[in-house]
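Peer 1: One structure follows; several queries about it will come next.
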Amino acid sequence: MDKLGEADNGANPIDRHVGLRIRMRRKELGLSQERLADAVGLTFQQIQKYERAANRVSASKLWELARALDAPVTYFYEGLAEAEAADGPVPREGMQDFLMSSDGLELAIAFPRISQPRLRRKLVELIRALVEEVETVEA
C-alpha cells in the first residue's frame, strides 16, 4: 500500500471492492458482461475495467449499475467496514484475488445458499483442516 491507501497495482482498495461487488452481483444474476454493458450503455470492456478496478465507477454509473443489477447502491460497499476492522487496510488483497477467481466466486455465491448454520460451520471446519494438512505437508 502506498501512503494514499492505494493497492500496489494502483487501484484504490475501495474501488477494487466496488468492482468485486459488481462482478459478484452480475454472476449471481447469471448476466454476462455484454448483457450488463448493454443495460447501462457501455461496452463489455468497460464493465471488465470496472470489475478489475482499472477504471473507477462514477456515482451516476454506479446508480445505473445498481438499477440494472437490482441492488441498492449500498450493496457495492457492503463489507468494507468489516474488512477494515478485521485487518487494517480495506479490503485484503488476498481475499479479493480469491473472489475474483472462478472457484472463489462460485464458493462465495453458493455458501450463503446453505441454509443450515451447522452444515456451514462443518464446511468451514473441513476447509480449515484441509489448509492445516496442506501447510503440514508443505513445511
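Each reported figure results from applying straightforward, stated rules to the coordinates on display, with no laboratory input. Since the model is a prediction, treat every value here as computed from it, not as a measurement. Positions of Cβ are backbone-derived with ideal geometry, glycine not excepted, and every protein chain shown enters the neighbour counts.
Peer 1: Which of the peptides 47-56, 25-34 is most tightly packed, and how do the rest follow, judged by the mean count of other Cβ atoms within 10 Å per residue?
Peer 2: Details: 47-56: 19.3, 25-34: 14.9.
So the order, starting with the most tightly packed, is 47-56, 25-34.
Peer 1: A follow-up question, please. Would any residue of the stretch 35-62 have its amide N under 14 Å from a label point 7 Å out along Cα→Cβ of residue 73? List them or say none.
Peer 2: Under 14 Å, as judged by backbone N against the label point of residue 73, lie 57-62 of the stretch 35-62.
Peer 1: Here's something else I'd like to know. Using 0.36 nm per residue, how much length does the chain from residue 101 to residue 45 gain when fully extended, once their Cα-Cα distance is taken away?
Peer 2: Between residue 101 and residue 45, full extension yields 18.4 nm more.
Peer 1: Follow-up question, since we're still on this one. Once you put a point 7 Å from the Cα of residue 61 and another 7 Å from the Cα of residue 115, both along the Cβ direction, what distance in nm separates them?
Peer 2: For the pair residue 61/residue 115, the computed spacing is 3.9 nm.
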